[in-house]
Structure formats: C-alpha cells, structure tokens
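Student: The following block contains the structure, expressed as structure tokens.
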Amino acid sequence: NAGVTQTPKFQVLKTGQSMTLQCAQDMNHNSMYWYRQDPGMGLRLIYYSASEGTTDKGEVPNGYNVSRLNKREFSLRLESAAPSQTSVYFCASSVRNYEQYFGPGTRLTVT
Amino acid sequence: GQQLNQSPQSMFIQEGEDVSMNCTSSSIFNTWLWYKQEPGEGPVLLIALYKAGELTSNGRLTAQFGITRKDSFLNISASIPSDVGIYFCAGQLNAGNMLTFGGGTRLMVKP
C-alpha cells in the first residue's frame, strides 16, 4: 500500500496563476482533508470531505476550491495564486475522523 | 476557536536523555493524538488516547491523556538521534469534529 500520495512535490507559481494539487489514498478511507502548514504554526484545515460526494470548509478556505473526484481522490485548486498561499500543503485521510494519515506534502511557492 | 498550546516550542538535548513535552487546551477534548514530523515529510501518527487518565506506550514513547481532559503529555525515554523532528499534539472533541493541532515542539538531539 502506498498510503496517501500527493503530486507534485514542489511547485513554483507566479501571482495570478492557477493550479491543482492532487491527492490519492489506497486505504479505502471515507474521509479526506487538505491542510496547510506555515513556519512556526501547526496544521490548519482548508477543506475536508467526510465522504464521497461531500465537501466542507475548514478553518482557512478562502482562495481555494476542492473536488472529491471519487473515494480515492481529493484535489485542491488555487484559482488565482497569491504570495500568501506560499506554504506546505498536506493531504490526509481517515476511516474515522481522528486517526488521520498524512501524505508527504506539496511545497508551493508563489512569487 | 479552540487553541492548543504546546511547550516547550523547541528542545536541544543530549542523546540518552529523557524528554517531556505537553499540550494544553482552553477547552476539553475527548481524543488526543500525538504526531511526529520529520524534515520534508508529512506527520506520522505515534499514539492515540481516547479516555481521560489513559496512559499509552509505543516503544520508548509514553503519552498520557490528562484527567481534566484539557491536557496531554508525551515522554520519550533514552533519546536517540532519529528522534529528531517536530512533535505535534492534536485534540478532538467528538468524532464529528475536526482535529485541532498544536504549534509543535521541535526536538533536536545531540549525539
């Protein structure tokens, strides 16, 4: 099992560009999450999907959209990237809401 | 919103020493989790605690769910260089709620 995989690992964008971060899990988990991690701060929830077909906003959803494509895949889209979105993005999944398993992260820089 | 405060923010210790860190909340949680994040990787779940007063071990790691349900503690015995990383606590009120993460404790071990 690969667990949670994320692509790309690194990305540099110019302000105003758009991109989609991909996440997939092979653990048959119902719930999936997107977090961002900034220096000196913990993980902040952007969006989550409790089950296939549902998505909800987390703590910091502004500037992002998500799609739960199927049970395995949950993507995060930045429509018009801003320097404030420079961060490390983690995808996670869980059977139940608390034991979350994380991917390796995508390091995004917006110039 | 809920806040989790982790202390200390960083520790620089000698190999072989024991380590203690804690996490406190302004409100109660019914589940506490401890994660470790190594450089360039996503957080990995170490220990999950589900009952006030519970003490759980995972090798050299021991974590406790505080009796007030507003705190949790993680101890590492006989530290080794591979213990280096950032340790995060996370709390959850109920299964339907999202995790709240602390800001992390950065551990550095001198061989």
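Student: Taking residue B:90 as the residue in question, decide whether it is in contact (Cβ under 8 Å) with a residue 12 or more places away in the chain, facing chain A (nearest Cβ under 9 Å), small (Gly, Ala, Ser) and open to solvent by 10 Å² or more (accessible area, probe 1.4 Å).
Tutor: Taking the combined requirement at face value, the residue does not satisfy it.
Student: Which of the numbered conditions does residue B:100 fail, given that it passes all the others? Conditions: (1) within 11 Å of chain A (Cβ to nearest Cβ); (2) farther than 18 Å from residue B:4 by Cα; (3) of a type in the set (Val, Ile, Thr); (4) crowded, with 17+ Cβ neighbours inside 10 Å.
Tutor: (2)
Student: Here's another thing I want to ask about it. If you check B:79, B:72, which single one turns out to be within 28 Å of residue B:15 (Cα to Cα), touching a Lys or Arg at 6+ places or on another chain (Cβ under 9 Å), surrounded by 14 or more Cβ atoms within 10 Å (Cβ to Cβ) and of a type in the set (Gly, Ala, Ser)?
Tutor: Details: B:72 fails: touching a Lys or Arg at 6+ places or on another chain (Cβ under 9 Å).
Every option except B:79 fails the conditions.
Student: Taking segment A:89-111, which residues are open to solvent by less than 30 Å² (accessible area, probe 1.4 Å) and in a strand (DSSP E or B)?
Tutor: Here is the first cut: in segment A:89-111, the residues open to solvent by less than 30 Å² (accessible area, probe 1.4 Å) are A:89-94, A:97, A:100, A:102-103, A:105-106, A:108, A:110.
A:89, A:90, A:91, A:92, A:93, A:94, A:102, A:106, A:108, A:110 - these are the residues of segment A:89-111 that are open to solvent by less than 30 Å² (accessible area, probe 1.4 Å) and in a strand (DSSP E or B).
Student: Tell me which of these residue A:53 doesn't satisfy, since it passes every other one: (1) among the small types (Gly, Ala, Ser); (2) free of Cβ contacts under 8 Å to residues at least 24 places away in the same chain; (3) not in a loop (DSSP other than H, G, I, E, B).
Tutor: Result: residue A:53 passes all but (3).
Student: For residue B:14, are the conditions met, namely being on the phi < 0 side of the Ramachandran plot, open to solvent by 50 Å² or more (accessible area, probe 1.4 Å) and not hydroxyl-bearing (Ser, Thr, Tyr)?
Tutor: Yes.
Student: Return only the number of the condition from (1) open to solvent by less than 40 Å² (accessible area, probe 1.4 Å); (2) under 22 Å from residue A:102 (Cα atoms); (3) touching a residue at least 24 places away in the same chain (Cβ under 8 Å) that residue B:84 does not satisfy.
Tutor: Among (1) open to solvent by less than 40 Å² (accessible area, probe 1.4 Å); (2) under 22 Å from residue A:102 (Cα atoms); (3) touching a residue at least 24 places away in the same chain (Cβ under 8 Å), the lone unmet condition for residue B:84 is (1).
Student: Among the residues of segment B:18-56, count how many are outside any loop (DSSP other than H, G, I, E, B), away from chain A (no Cβ under 14 Å) and open to solvent by 80 Å² or more (accessible area, probe 1.4 Å).
Tutor: So the count comes out to 1.
Student: Go through segment A:11-31 and report how many residues are under 24 Å from residue B:101 (Cα atoms), of a type outside the set (Gly, Ala, Ser) and either open to solvent by 50 Å² or more (accessible area, probe 1.4 Å) or modelled with pLDDT under 95 (or both). Let's see the steps before the verdict.
Tutor: Kept after step one, since they are under 24 Å from residue B:101 (Cα atoms), are these residues of segment A:11-31: A:21-25, A:27, A:29-31.
If we keep only those that are of a type outside the set (Gly, Ala, Ser) as well, we get A:21-23, A:25, A:27, A:29-30.
Remaining after also requiring either open to solvent by 50 Å² or more (accessible area, probe 1.4 Å) or modelled with pLDDT under 95 (or both): A:22, A:27, A:29-30.
Residues in segment A:11-31 being under 24 Å from residue B:101 (Cα atoms), of a type outside the set (Gly, Ala, Ser) and either open to solvent by 50 Å² or more (accessible area, probe 1.4 Å) or modelled with pLDDT under 95 (or both): 4 in total.
Student: What number of residues within segment B:57-69 are small (Gly, Ala, Ser), open to solvent by less than 40 Å² (accessible area, probe 1.4 Å) and closer than 22 Å to residue A:102 by Cα?
Tutor: The number of residues fulfilling the criteria is 1.
Student: Quick check: is even one residue across segment A:36-57 in contact with a Pro (Cβ under 7 Å, 6 or more places away or on another chain) and either within 13 Å of chain B (Cβ to nearest Cβ) or at pLDDT 95 or above (or both)?
Tutor: yes
Student: Given the criteria buried (at least 20 other Cβ atoms within 10 Å of the Cβ), aromatic (Phe, Trp, Tyr) and more than 20 Å from residue B:37 (Cβ to Cβ), does residue A:47 qualify?
Tutor: yes
Student: Filter segment A:58-88 down to the residues that are within 11 Å of chain B (Cβ to nearest Cβ) and in a loop (DSSP other than H, G, I, E, B), then identify the one that is surrounded by the fewest Cβ atoms within 10 Å (Cβ to Cβ).
Tutor: A:59
The values are calculated or read from the model by the stated rules, or taken from the named source; none is laboratory data. As the structure is a prediction and not an experimental result, all values here were calculated from the model. Methodologically, a virtual Cβ is constructed for each residue, glycine included, from the backbone with ideal geometry; neighbour enumeration extends over all protein chains shown. Just so you know, the surface numbers come from the protein's heavy atoms only, side chains and all, with ligands and any DNA or RNA stripped out. Shrake-Rupley method; radii C 1.70, N 1.55, O 1.52, S 1.80 Å.
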